[in-house]
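S.K.: One structure coming up, written as structure tokens, with questions to follow.
Where a number appears in this text, it was derived from the coordinates with a stated rule and is not lab data. Computed from a prediction, not measured in an experiment: that's the story for all the values here. Cβ placement follows ideal geometry from the backbone for every residue including glycine, while neighbour counts extend to all protein chains displayed.
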Amino acid sequence: MVRLARVLLASAELNFRQRFAFTNKDVLRWFPGHMGKGMKQIQTNLRSVDLVLEVHDARIPASGRNPQFEYSLGGVRPHILVLNKSDLADLTKASAIVSHLKQNEGVTDVLFTNAKDPFCKGMKRLIPTITRLIGESDRHNRSELKEFCVMVIGVPNVGKSSIINSLRNKCLRKSSAAPVGAVAGITRSVGMKIKVSQEPLIYILDSPGILNPRVDDVETGFKLALCSSMLDHLVGIRNIADYLLYFLNKRQCFTYVEKLNLKEPTDSIDFLLVSAAISSGKTVKRRDMATGGYTTVPDLDRAATTFVSMFRSGGFGKFLLDD
């Protein structure tokens, strides 16, 4: 309590940034060839799909949702928006989030899930919701088929494959069938149908994560990067760490001071990384061109990776990045 009081007192004396200034917008463009190919595959396979399951990160319920989904896929089939990783999100405003999505984006069915939690209520509601919506819809050329086919879409690394595997494990007691990874871009193409339920008989098509060809709003891009929907090296791990520091200070969340063993809050990412690297012994040897020898310096990239990883794993608490 004493240390917390000192941190709050120190923070009151600092003038934190009121906006995140970042001029190099080119770094926020990420639309690899497999994504363009993936969108075409999604549109082609839509003919054999009864429902579209859109998965997004619950920490950014608005940021980064691809408008191409609405124009290319929306209105064609029943649609469920799954806000995954809910265990990392501040859901005190969950009802406001749902109201916003319904009123402004026409999303009628929203579920909050944690695909890694076998007791997640949102995951338990998923199969019944899929069954209800398909049953209420006009299945067109698929009306005589007993099997249901669902396509999973969404931006990279939001847990699409984890949801497929969770349903498969729970309903069929089968092992995982969709590849899962901690970085964006694991799924590269629309795969084969994966059976996730026997009664009702449901198959799911996985798909690659699709981002906008261009992210015009810098802060939206950094929210995506902070939540792992962009590859770290394309944005720069130190840049992501700088945005995280700006975000935490803006929310007056100074838990990073104790977690990184700092003396007080700071608005300087360089100071934070140097201090954190020295405190944790993260160093690297660099060659001195003048003497030809080597010198030991703080490893700022490792410190930045640790800082960002703490946020991603919930080490600083639960957050909603979208206001």
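S.K.: Would you mind ranking 312, 19 so that the residue whose beta carbon has the fewest other beta carbons within 10 Å leads the list?
M.R.: Ordered from fewest to most neighbouring Cβ atoms within 10 Å, 312, 19 come out as 19, 312.
S.K.: Collect residues whose amide H, placed 1.01 Å from N in the peptide plane, falls under 5 Å from the amide H of residue 55; neighbours closer than 5 in sequence don't count.
M.R.: 82, 153, 154
S.K.: Taking just the C-alpha trace of the range 214-310, give me its Rg and Dmax in Å.
M.R.: 15.0, 46
S.K.: List the pairs from 85/160; 93/121; 85/116; 121/259; 121/160; 93/223 whose alpha-carbon separation is above 20 Å, in the order I gave them.
M.R.: Result: 121/259 exceed 20 Å.
S.K.: Then there's this: For the peptides 288-300, 241-253, what is the packing order when you average, over each peptide's residues, the other Cβ atoms within 10 Å and list the highest mean first?
M.R.: Averaged packing, sorted descending, gives the order 241-253, 288-300.
S.K.: Counting Lys +1, Arg +1, Asp -1, Glu -1, what net charge surrounds residue 300 among other residues with beta carbon under 9 Å of its beta carbon?
M.R.: So the surrounding residues net to 0.
S.K.: Of 79, 100, how do they rank once you tally other Cβ atoms within 10 Å and put the fewest first?
M.R.: 100, 79
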